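The values are calculated or read from the model by the stated rules, or taken from the named source; none is laboratory data. Keep in mind that what you see is a predicted model, and the values were worked out from it rather than measured. With ideal geometry, Cβ positions are generated from the backbone for all residues, glycine too; neighbour counts draw on all protein chains shown.
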Amino acid sequence: MDMELRCENCGDMITYNGRGRPPTRFCSRACKDARRGADDHARKVAVRGGLNRRCLHCDNVISAEMNMRTKYCSLKCGITASNIRRQAAKRAVWLATNPVCQRQQCGKPIPESRPRWSKYCSPECKKKEMDARWRAKSPHYNRQYNYGMSVEQFDALLAAQDNRCAICGTTEWPGKGPHVDHDHGSGAVRGILCGNCNNGLGMFGEDPARLRAAAEYLEKAREE
């Protein structure tokens, strides 16, 4: 008597006429091997955590269909994790050199949180160093930009003041050096001052009356 069975792998019909050896559970050798491979993989999945295998990078579940040696849920996660490991190794090599801030006035150790191969301990130190380099390289740029004063005009004005501050007469220029004093209303250059005198005018609002009152106040205090 004919008997119909279905392949346990692909589901195709298997016909048996009752003579000879009964049919196997599969319609072909390929189906048999495929089913055995799937069963073997399922056993390994069960032994190694089943559906709870987690990606070492993002902690997402790793598909049961993926190779049992797989540690990441996707190629992207694998590449990202590999890059992180390489960067960590390079950072360790850099930190082993005990890097310090290259700004001369600082010299503090560079924190581990700073980007790899950083030369400065903080963005503030980097900005100060870059500003100092810029001023050393182009000391006349700001004068030309802000006041339209060329190098020759500046040197001539300073020479006319005998290389002294136009107010206190000092020849020392602490900090950023000589300051160009200008009228904030018209923008006209009035002279060259030291930093203290230039700041003093600004603190008094460039008001002659206030400055005279301050002078009288000091003279009166000395007389008393």
Given the conditions (1) hydrophobic (A, V, I, L, M, F, W, C); (2) modelled with pLDDT of 90 or more; (3) farther than 30 Å from Q105 by Cβ, report the number of the one that C165 does not fulfil. (3)
When you go through A42, A30, A89 one by one, which is the residue that is in contact (Cβ under 8 Å) with a residue 12 or more places away in the chain, on the phi < 0 side of the Ramachandran plot and among the hydrophobic types (A, V, I, L, M, F, W, C)? A42
Examine segment 64-79 for a residue that is touching a helix residue (DSSP H, G or I) at 6+ places or on another chain (Cβ under 6 Å), on the phi < 0 side of the Ramachandran plot and small (G, A, S), and state whether such a residue exists. yes
In segment 153-173, which residues are aliphatic (A, V, I, L, M) and part of a loop (DSSP other than H, G, I, E, B)? A166, I167
Taking segment 143-162, which residues are at pLDDT below 85 and among the polar types (S, T, N, Q)? Q144, N146
